[in-house]
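One structure below.
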């Protein structure tokens, strides 16, 4: 992640357990318990991801239901349990959510986080251009980026933001990072670039917040005619008769 934006392939889990469409209900539950996961990708015969089976799919979560046949699930939802007698007859192909919501290995962590927030999924299969499974990225994986050292973050902000934006003026900008919070101070000539500097700094992997105190260069006061500098003739004044 040093020097470039953090991508999904930097943090994803590469050792992944997956299901075939014919996997039975009880086998799915057993795999989830053995691997301590809440969702599993489902693959077709060519190894492409065609869906995902989650705990919610197995439990049949719904917003409301018969209080006599339903239990209380996560987030206050009621849960309709599939009848035990039918469990062995239910397969991953029938239970899965399809098509699967996936993310590419070269997607940014910000994109993966937005996708999780929009879909409310905790884990996303990572697939290549051929649709084959490359790994799994979870919410906890996305948080790994915030373990970067302050010094590493500061160096990247200087190199990728300050130097690129302000060039020869970069020496007038001070970058400090403490617990992931970036502080930018100093004076720059191109004040129009200050908001962009703050946005780009915020996009650096591991940055928690940005406090931008950059300002423009001080303006020189206009001199009155009588205060003209040495060698500068004072303006001619007409004599009164």
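The values are calculated or read from the model by the stated rules, or taken from the named source; none is laboratory data. All values derive from a computational prediction rather than experimental measurement. Cβ placement follows ideal geometry from the backbone for every residue including glycine, while neighbour counts extend to all protein chains displayed.
Okay, here's what the table says:
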{"read-out": "Flag if residue 79 is modelled with pLDDT of 95 or more, farther than 17 Å from residue 139 by Cα, assigned by TED's automatic domain parsing to the domain that holds residue 129 and surrounded by 13 or more Cβ atoms within 10 Å (Cβ to Cβ)", "value": "no"}
{"read-out": "Within segment 206-225, tally of residues that are at pLDDT 85 or above, part of a loop (DSSP other than H, G, I, E, B) and loosely packed, with under 12 Cβ neighbours inside 10 Å", "value": "0"}
{"read-out": "Helices (runs of 4 or more DSSP H) enclosed by segment 105-190 - at least 1 residues per element that are over 19 Å from the mean Cα position of the chain (by Cα) and without any contact (Cβ under 8 Å) to a residue 24 or more places away in the chain", "value": "150-157, 163-166"}
{"read-out": "Single unsatisfied condition, residue 14 versus (1) in contact with a strand residue (DSSP E or B) (Cβ under 6 Å, 6 or more places away or on another chain); (2) more than 30 Å from residue 149 (Cα to Cα); (3) surrounded by fewer than 18 Cβ atoms within 10 Å (Cβ to Cβ)", "value": "(2)"}
{"read-out": "Tabulated pairs, segment 22-40, first assigned by TED's automatic domain parsing to the domain that holds residue 56, second surrounded by fewer than 12 Cβ atoms within 10 Å (Cβ to Cβ), C-beta under 9 angstrom, 6+ apart or interchain", "value": "24/88; 24/89; 25/86; 25/88; 25/89; 26/88"}
{"read-out": "Tally of residues being within 26 Å of the chain's Cα centre (by Cα), modelled with pLDDT of 90 or more and assigned to a strand (DSSP E or B) across segment 1-52", "value": "10"}
